[in-house]
Amino acid sequence: MTASGSIRLQDELKRLKSEERPDVIRALEEARAHGDLSENAEYEAAKERQAFIEGRIGEIEDKLRRADIIDVTKLSGDEVKFGATISLADENSDEEVTYQIVGADESDIKAGLLSINAPLARALIGKGAGDTVEVAAPGGFRIYEILTVQYK
């Protein structure tokens, strides 16, 4: 996991513990005050929300406990590896795209964060600027040329 991915998870964990958890506890107390819990939709909704929040807290704590945090700024080289920011030219559409290869838990393709487990990332690993890769995509095979490889 990158350092920035770790920070995002820590921020989410802090928000869940300091804001979401107290809010759902208040909602449960209010729902209990309404009486009969067996037919109280507010109570059931709050219990479901509480279960989700507690599950997510446990999941994030586990991921952070097991994560190897990699400071991408300390990496260098000409080959694509975890943490690299790669500029690609899609030879099918002549579009240029830029992705950073990150851990699966921090990926967000719309934000340019490509999971290390994605077929494109796996095809890029070990390649360098000027190389081309062919990747199976839902619309057929795509060919990308690596324009730049940076670690920032």
**Report entry** Computed magnitude of the charge dipole of the chain (debye, nearest 20; Cβ of K, R +1, Cβ of D, E -1)
**Finding:** 540
Report task. Could you give the C-alpha radius of gyration of region 3-66 expressed as a fraction of 2.2 N^0.38 Å, taking N as the number of residues it contains? Result -> 1.35
Query raised in the report: Check residue 131: other-chain or 5+ apart residues with amide H under 5 Å from its amide H, H built from backbone geometry?
Result: 146
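Just in region 69-147: which chymotrypsin sites (Phe, Trp or Tyr not before Pro) are loop by DSSP and have at most 14 other Cβ atoms within 10 Å? Walk me through the numbers on the way to the answer.
On the way: sites: 82, 99, 141, 144; in loops: 82.
Filter output for region 69-147: empty list.
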Query - Reachable lysines, given that their alpha-carbon falls under 21 Å from the alpha-carbon of residue 74 and they are not under 8 places away in the same chain - result: 127, 152
**Report entry** Extent along principal axes [Cα atoms of the chain; Å; largest to smallest]
**Finding:** 69, 37, 20
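Readers should treat all values here as calculations from the given coordinates under stated rules, not as data from a laboratory. Since this is a predicted model, take the numbers as computed values, not measurements. Backbone-built Cβ (ideal geometry, glycine too); neighbour counts: all protein chains shown.
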